[in-house]
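The block underneath contains the structure these notes are about, expressed in structure tokens.
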Amino acid sequence: MKKRVLFLCTHNSARSQMAEGLLRKHAGERFDVQSAGTEATRVHPMAIEAMREAGIDISNHRSKKLDEFLGQDFDYVITVCDQANESCPVFPGAPERIHWSFEDPSKATGTHDQKLQFFRRVRDAILGRLRLFETVAGRR
């Protein structure tokens, strides 16, 4: 049976969306993966672009509010920004709570290429954490 993972961020527009897409692509056979935000906005176009470069299409993802998942059981709830970590509610079944603090790529400034580079850095940092997570969670 697949372990359920929920990635949480503030707006569910970049970090949590990228984490969802990456884990689904690399270990979707072992994990049921969702993402949400304390607020819902839209999936950031540069997150879509950075993920497309990595061979992952998240263009059909939508920004979801955390309320959609309250009351559901998860094995892991992973916050990917400090604000979401501070406001994360308690989920039934006492899932393992993990916090990874990543910079917000949507706040990047500069040219299109400079902003995209920021999204790439965050995407790659998330992938690094996910590889460790897959190894540890896979043993449980």
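What follows draws every value from the coordinates through simple rules; no lab data is involved. This one's a predicted model, so the numbers in the text were calculated from it and none came from an experiment. FYI the Cβ positions are ideal-geometry reconstructions off the backbone, even for glycines, and counts take in every protein chain you see.
Results, tabulated for the structure shown:
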read-out	value
Rounded to the nearest 20 debye, dipole of the stretch 51-108 from Cβ charges on Lys, Arg, Asp, Glu	180 debye
Proximal charge balance of A36 [Cβ under 13 Å; K/R count +1, D/E count -1]	+1
Radius 10 Å from Cβ of R15, net charge of other residues (Lys, Arg +1; Asp, Glu -1)	-2
Dimensionless Rg over Rh [the chain; C-alpha; Kirkwood]	0.95
Cα centre as origin, Lys/Arg/Asp/Glu Cβ charges: the stretch 17-84 dipole, Debye	200 debye
Under 12 Å, Cβ to Cβ, from Q114 - net charge with Lys/Arg +1 and Asp/Glu -1	+2
Whole-Hz couplings from phi, Karplus 6.51/-1.76/1.60, listed for the stretch 30-47; x for Gly and Pro	10, 10, 8, 10, 9, 9, 7, x, 5, 9, 9, 10, 8, 6, 5, x, 6, 5
Positive-end extreme of charge dipole, the stretch 35-140 - chosen from F118, G93, N60 (charges on Cβ)	F118
Cα gyration tensor category, rounded, prolate or oblate, for the stretch 6-48 with a/c compared to 1.5	oblate
Amide H contacts of S63 (H built 1.01 Å from N, under 5 Å, at least 5 apart or other chain)	V43
The stretch 111-125 - phi-based ³J(HN,Hα) in whole Hz, Karplus 6.51/-1.76/1.60, Gly and Pro as x	6, 4, 5, 5, 5, 4, 4, 4, 4, 4, 4, 5, 4, 5, 5
Electrostatic dipole magnitude of the chain [Cβ: Lys, Arg +1; Asp, Glu -1; Cα centre; debye, to 20]	320 debye
